[in-house]
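The values are calculated or read from the model by the stated rules, or taken from the named source; none is laboratory data. None of the values given here were measured: they were computed from a predicted structure. Cβ placement follows ideal geometry from the backbone for every residue including glycine, while neighbour counts extend to all protein chains displayed. With ligands, DNA and RNA removed, areas are computed over all heavy atoms of the protein, side chains included. Shrake-Rupley method; radii C 1.70, N 1.55, O 1.52, S 1.80 Å.
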Amino acid sequence: MNEGAKISVVINTYNAAQHLEAVLESVKDFDELLVCDMESTDDTVEIARRHGCRIVTFERKQYNIVEPAREYAIHEARYDWVLVVDADELVTPELKEYLYRRITEGDCPDGLFIPRKNYFMGRFLHSHYPDHILRFMRKDKTHWPAIIHSTPAVDGKTEKIPGSEQQLAFVHLANDSVESIVSKTNQYTRNELERKHKHYGIGALVKRPLWRFVRSYLLKSGFRDGVPGLIRAMLDACYQFVLVAKAIEKQRQDATR
């Protein structure tokens with residue numbers, strides 16, 4: 001197989017031992033497994049070594065976000081094509097076969113958005129599917145901005161794997177608890193407001209949470225997921241309420257300065 005038809009799997013880690021064995025087992029047949037570790041203090045590096053991964057280290061102390069480590073890692077990969085996998089995501093055999101077939105085809109894009117299956121309270125969430133993420137790309141055409149939760153910038157054509165092809169989706173093992181989601185709501189809304197200047201009127205306190213609930217529970221079929229679907233839709237609405245409330249608070253603080 002020529003170099004252009006090989007794929008490097010890149011996994012960024014920090015104290016990722018919980019799911020790493022299963023993740024590495026799911027990607028073991030790719031051409032390279034590269035783990036970029038941000039100075040883990042658990043068994044992450046030892047697990048990666050046992051699975052024959054090539055390991056590079058990115059100093060965690062310099063950054064509070066993972067994106068600079070992602071940029072570093074993808075360009076450390078040996079091969080032209082890079083599949084970025086989180087340390088709590090499984091790659092299906094069907095997705096692996098699809099990617100290898102796709103890179104041999106003349107119309108293959110420079111980047112592919114891959115669907116992801118998310119779970120909550122042990123249930124697959126219809127409301128959070130297909131959750132497309134850009135994770136497969138040509139490394140020489142890719143730059144990952146140093147902005148939290150940013151999408152990599154690919155200089156070329158990108159496509160989405162259809163959500164109807166569920167066998168080609170990542171399987172997200174995180175299965176966040178309510179406590180974890182509430183904690184992340186505070187962190188993520190803060191990060192979102194830091195990178196984007198948002199201005200809302202009082203009406204947005206009602207309109208945005210209501211719209212998010214309707215979208216999650218009704219339009220995206222969260223009602224099919226029973227009680228977990230209802231709770232998750234309410235948490236999605238809560239995220240929007242907190243975001244708008246923080247934005248209005250900041251607007252009023254700025255106005256009094």
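Using the Karplus relation 6.51 cos²θ - 1.76 cosθ + 1.60 with θ = phi - 60°, the per-residue 3J(HN,Hα) values for the stretch 180-197 come to 5, 5, 4, 5, 5, 4, 5, 5, 5, 5, 4, 5, 5, 6, 6, 9, 9, 7 Hz, with x marking Gly and Pro. 3J(HN,Hα) along the stretch 126-134, derived from phi through the Karplus expression 6.51 cos²θ - 1.76 cosθ + 1.60 where θ = phi - 60°, amounts to 4, 6, 10, 10, x, 6, 4, 9, 7 Hz, with x in place of Gly and Pro.
For THR57 and ARG123, a Förster radius of 30 Å and the Cβ-Cβ distance give a FRET efficiency of 0.20, rounded to the nearest 0.05.
Sort TRP211, TRP144 by accessible area with a 1.4 Å probe, largest first.
Reading off the accessible areas and sorting them downward yields TRP211, TRP144.
Overall, the chain carries a charge dipole of about 1320 debye about its Cα centre when +1 sits on the Cβ of Lys and Arg and -1 on the Cβ of Asp and Glu, all other atoms neutral.
Magnitude of the charge dipole for the stretch 25-84, about its Cα centre and with charges confined to Cβ atoms of Lys, Arg (+1) and Asp, Glu (-1), is about 100 debye.
What ranking of ARG215, ARG78 comes out by heavy-atom accessible area, probe 1.4 Å, highest first?
These residues rank, largest area first, as ARG78, ARG215.
Taking all protein chains as they are arranged and a probe of 1.4 Å, the heavy atoms of GLU249 leave approximately 100 Å² accessible to solvent. For the stretch 213-257 and the stretch 1-62, what is the centre-to-centre distance using only Cα atoms, to the nearest Å? The two parts, judged by their Cα centres, are 35 Å apart.
A cut-off of 5 Å between modelled amide H atoms, ignoring neighbours fewer than 5 places along the same chain, links ILE7 with ASP31, GLU32. Listed by chain and number, the lysines whose C-alpha is less than 18 Å from the C-alpha of LYS198, apart from same-chain residues fewer than 8 away, are LYS207, LYS246, LYS250.
Rank VAL182, THR151, CYS108 by how far each Cα sits towards the positive end of the charge dipole of the chain (+1 on Lys, Arg Cβ; -1 on Asp, Glu Cβ) and give me just the farthest. Projecting each Cα onto the dipole axis, the largest value belongs to VAL182. For the chain, the longest principal axis of the alpha carbon atoms and the long axis of helix 17-26 meet at an angle near 50°.
Of ARG190, ARG138, ARG116, the order by accessible heavy-atom surface (1.4 Å probe, DNA, RNA and ligands excluded), from most exposed downward, is ARG190, ARG138, ARG116.
Surface composition of the stretch 118-257: carbon plus sulfur atoms hold 56% of the accessible area, using a 1.4 angstrom probe and ignoring ligands, DNA and RNA. The figure for HIS128 is an accessible area of roughly 50 square angstrom, using a 1.4 Å probe on the protein chains alone. Within the same chain, lysines fewer than 8 places from LYS157 are excluded, and of the rest, those with a Cα less than 21 Å from its Cα are LYS6, LYS96, LYS139, LYS141. Aspartates and glutamates within cross-link reach of LYS220: Cα-Cα under 18 Å, excluding same-chain residues under 8 positions apart? Within reach: ASP131, GLU165, ASP236. I need the calculated FRET efficiency for the pair LEU210 and GLN166, taking r as the beta carbon distance and R₀ as 41 Å, to the nearest 0.05. Using R0 = 41 Å, I get an efficiency of 0.85. Taking θ as phi - 60° and the Karplus parameters 6.51, -1.76 and 1.60, the scalar couplings of the stretch 159-174 work out to 9, 10, 5, x, x, 5, 8, 5, 5, 9, 8, 4, 10, 8, 8, 4 Hz in sequence order, x denoting glycine and proline.
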